[in-house]
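A short worksheet on the structure shown next.
The values are calculated or read from the model by the stated rules, or taken from the named source; none is laboratory data. Fair warning: this is a prediction, and the values are worked out from it, not measured in the lab. As a convention, Cβ positions derive from the backbone with ideal geometry for all residues, glycine included, and neighbour counts pool all protein chains shown. Just so you know, the surface numbers come from the protein's heavy atoms only, side chains and all, with ligands and any DNA or RNA stripped out. Shrake-Rupley method; radii C 1.70, N 1.55, O 1.52, S 1.80 Å.
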Amino acid sequence: MSNGPVLNEAALRAGAFKMTPLRMGVMLIAVGVYWTSIKGTEMSIQEFVTGFPAIVDLLRQMFPPDWAYLKRLGWPVIETLQIGIISTVVASILALPMAFLAAKNVSPHPIVYLPVRLFLTVCRGVSEIIWALLFVVAVGLGPFAGVIALIIYCVGVIGKLLAEAVEAVDPGPLEAMSAAGASRWKVFLYGAWPQVLPLYLSYCLYYWDHNTRQAVVLGFVGAGGVGYALFFNISTYYFEKAMMAMIVLVLMIVVIDRFCLYLRQKII
Amino acid sequence: MNIEADQTTMVEVRNLTKAYGSSAPAIEDISLSFKKGEFIVLLGPSGVGKSTLLRCLNFLVRPTSGIVKINGQELGALSKKGLLQARHHIGMIFQEFNLVNRMSVLMNVMCGRLGTLGTWRALTYNFSPEDHEAAVRALVRAGLEDQELYLRRADTLSGGQKQRVAIARMLIQEPKVILADEPIASLDVMMRAQIMDLIKDIAQRDGLTVVMSLHQLDVAKNYADRIIALAQGQVTFDGPPNELTDAVIERVFNKPADEIDEEQTVEITEAPAE
């Protein structure tokens, strides 16, 4: 290809787009899917335009934010942080044995490995908010329901990620330790764990960040914290207060995000 | 213990077969016995079952059928715990050294003592002072005198140094038998001789039986007391190096003898020396 591309008519014609019956069919199906999706979700440009003044009006009601409300947000913020911290700590501890049992190369037996995998899939297959709704019914309104929901989901995710990390370890050191007469759990502790630890810490940090953000969403279903304050103020039309809560929320997330980033860099 | 057995027999293998799945067996009906202090080289190109045979000797690979006896102990008859104890006295080194990269040199060596480490100490990563001292002695014996290296992460070492750490890890087990799986294949030519000399020296001083897989003919001839050549999972030659004639070599490697050494000089895999 030293002479650069040589264009000839035959090649151009071969590369040109041709409408075949198959392509036509795919296009028609795609258009049909889009159309029904638009209908199904009740999308309407007209309603967006006619509703626009209401959105502007809503924003106007949100400004200026109610700065006096700030001092009453202190406790909800602390509660949200507490939900984030405790759910992450408990989940990361529970995820450890799960990951160990769900990793093909260290799991004692397929009879153990398969159900644990399935359990982890169920844990993360149902989103936090659904778990929270279920546990609000079980343990009542308040942060505890949110904590359980976050723990379950997070065990599912960290457990799965960690199991994959365990499966990806270099098997060489494990073999060497088995050859030296180390029992199964010692092989794991000394051969695999040092390889997995940095990843584990990084997952835990990421999910601490994630759980704090999710704790806010869970507030909407009554699980306490800033999310609940936000939800309460929107549903009772205190929009200036809702605006204040949102500002606090964004600041909180930014701070945690930065802090996690800093910790991750320190560890790895 | 079999009283009738020759007092000096260290490793005994009878009718050993290992098949993976339904494919042709990796090794088939092999019977051998190695004496105390014997330096044995399993010779042959890769994929002839050297590695499988070696791993059957400490049951890292469980044979499909046949008997393996180490120092009179039949491995297949042992309990899980008994097998771990037996393995503790069988040292093993590997082509890729198999160190934990993120752990210190000293820790890696002490891992050779995991078999006897108490539960609480194991859980807290807390080896005893004796283990520390034994690790240092083993490292010095393996040719790493520079104490500055001991607390460095294993992946900061050169290939030759890594194999020395792996040898120290094996020494700390106080083994009676050394299994070595292509221990010089990842090293450069200079380092190969040093590591081979080291293993030979240790084996001679302590009277250890060495079973080493190799594909380098010249190295095998220089160091082995006895060469066992494998092809298609079966023993095709068993005798001292001087009986290994060109005709036998051609049969084992499936090509003329003078071409084999040429090949060896080409495949230098790792450059940095100590």
* Mind listing whichever residues of the range B:132-149 are open to solvent by less than 10 Å² (accessible area, probe 1.4 Å) and part of a loop (DSSP other than H, G, I, E, B)? => B:A142, B:L144
* Answer residue from the range B:59-90, given it is more than 8 Å from chain A (Cβ to nearest Cβ) and among the small types (G, A, S) and is surrounded by the most Cβ atoms within 10 Å (Cβ to Cβ) among those -> B:G66
* **Filter result for the condition that a residue is under 14 Å from the mean Cα position of the chain (by Cα) and buried (at least 20 other Cβ atoms within 10 Å of the Cβ), over B:K18, B:K50** => B:K50
* Asked: Can you name the residue in the range A:180-192 that is open to solvent by 10 Å² or more (accessible area, probe 1.4 Å) and of a type outside the set (G, A, S) and, of all such residues, is nearest to the other protein chains (Cβ to nearest Cβ)?
  -> A:K186
* Which number in (1) within 30 Å of B:T245 (Cα to Cα); (2) without any contact (Cβ under 8 Å) to a residue 12 or more places away in the chain marks the one condition that B:K35 misses? -> (2)
* If we scan the range A:161-179, do we find a residue that is closer than 30 Å to A:M62 by Cβ, surrounded by 21 or more Cβ atoms within 10 Å (Cβ to Cβ) and more than 14 Å from chain B (Cβ to nearest Cβ)? -> no
